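A quick write-up on the structure given underneath.
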Amino acid sequence: LKAIGKMRLVTLSPYMVGTPPKTLTPTLFVENSPKLLYTAQAIQKVLESDPSTSQLVYMPQGKEFIPLFREYLTTVCGIARSKVAEITSGTSDKRMVSLVDKFNAGDVKVLIGTSKISEGVNLNKNTSVLYNLYLGWNPTEQMQVEGRIWRQGNRYKDIRVIYPILRNSVDSVMFQKLEEKTSRLNVVWHSKKDYISTQDINPEELKLGIITDPRRRADRYV
C-alpha cells in the first residue's frame, strides 16, 4: 500500500516523492508533470475561448506545492494573479467563504482546492470545468467532488469533468478499481434481485486494455 501511495503521488508530480530540490521552480514543477502541464494548458485554452467562465482544480495531495502551480498559471499562462486562488486546510473559514463568493461571482477564474472543498461547498454558479488530478479509492469521493459544480444553479447547461490519466502508470489500476466499484454500486442501487452475479466481471482483462506498453502487458501474463 505504501508503494502504491508513492506511485500515485508520482503520477501527479515526481517532486512529491522524496525531498524536492531547493531550486525547484514553478516551470520545473509543472512541466515535469504531464498532468499538471495538461491542466495548465487546458485552463489557458478554456479561458481564451470563454473568458467569463470559472474553472475548478481538485488537488487533494501536495498542498505545499499548490503555490508553484498557481505561480505557473500567472507567470507562464498569463492569468492575472488576482484571478487564481487556492483553498487548503490552512485557509481560514472566513477567507474560504470570501473566495467561494468571488469564485461563484466570476471574480476568481481558477480555484485550486484540496479535500477541504470536496464536501459542503457550492462552487457551481459560474463553473464550466472541473479537473480532478488525483484518483481516490472510493467512487463516492469522486462523486462528492463532481457535485461541487454539477448541480442546479449552474448557468452552464453542460459542464466538463476531466480526469487526466497517465498511460502505463498506477492510474490504470486506480481507474479500473473505481470503474469496478462504481458498476457494483449501480447494480446494488438499481437491481431488484436478492443477489449479485460477478461471473462476467474480469478486472484483469479490463486493466490490460489501459496498459499500452507491450513489455508490461507481457509481464501480466507471466
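Does the stretch 1-66 come out rounded, prolate or oblate, given a ≥ b ≥ c as the square roots of the eigenvalues of its C-alpha gyration tensor, rounded meaning a/c under 1.5 and, failing that, prolate meaning a/b above b/c?
Verdict is prolate for the stretch 1-66.
Measure off, as a whole percent, the carbon and sulfur share of the 1.4 Å-probe accessible area of the stretch 1-144, all protein chains present.
Here carbon and sulfur together make up 55 percent of the probe-accessible area.
What's the Cα-based Rg to Rh of the stretch 1-158, Rh via Kirkwood? Write down the numbers at each step before the final one.
Values: Rg = 15.2 Å, Rh = 16.0 Å.
Taking Rh as the inverse mean 1/r over Cα pairs, Rg/Rh reads 0.95.
Looking at the stretch 68-177, what % of the alpha carbon pairs are farther apart than 15 Å? Please list the in-between numbers first.
On the way: 4050 of 5995 pairs.
Tail of P(r) above 15 Å: 68 percent of Cα pairs.
For the stretch 42-133, what is one quarter of the convex hull surface built on the Cα atoms, given in nm²? Let's see the in-between values first.
On the way: hull surface 21.2 nm².
Over every viewing direction, the Cα hull of the stretch 42-133 projects on average to 5.3 nm².
Return the long-range amide H neighbours of Ile112 (sequence gap of 5 or more, or a different chain), with a cut-off of under 5 Å between placed amide H atoms.
Here Val57, Ala85, Glu86, Ile87 satisfy the definition.
Tell me the per residue accessible area of the stretch 41-175 using a 1.4 Å probe; a whole number in Å² is fine.
Normalised by residue count, the accessible surface of the stretch 41-175 is 47 Å².
The values are calculated or read from the model by the stated rules, or taken from the named source; none is laboratory data. The model shown is predicted, which means the values in this text are computed figures rather than measured ones. Side chains included, ligands, DNA and RNA excluded: accessible areas come from the protein's heavy atoms. Shrake-Rupley method; radii C 1.70, N 1.55, O 1.52, S 1.80 Å.
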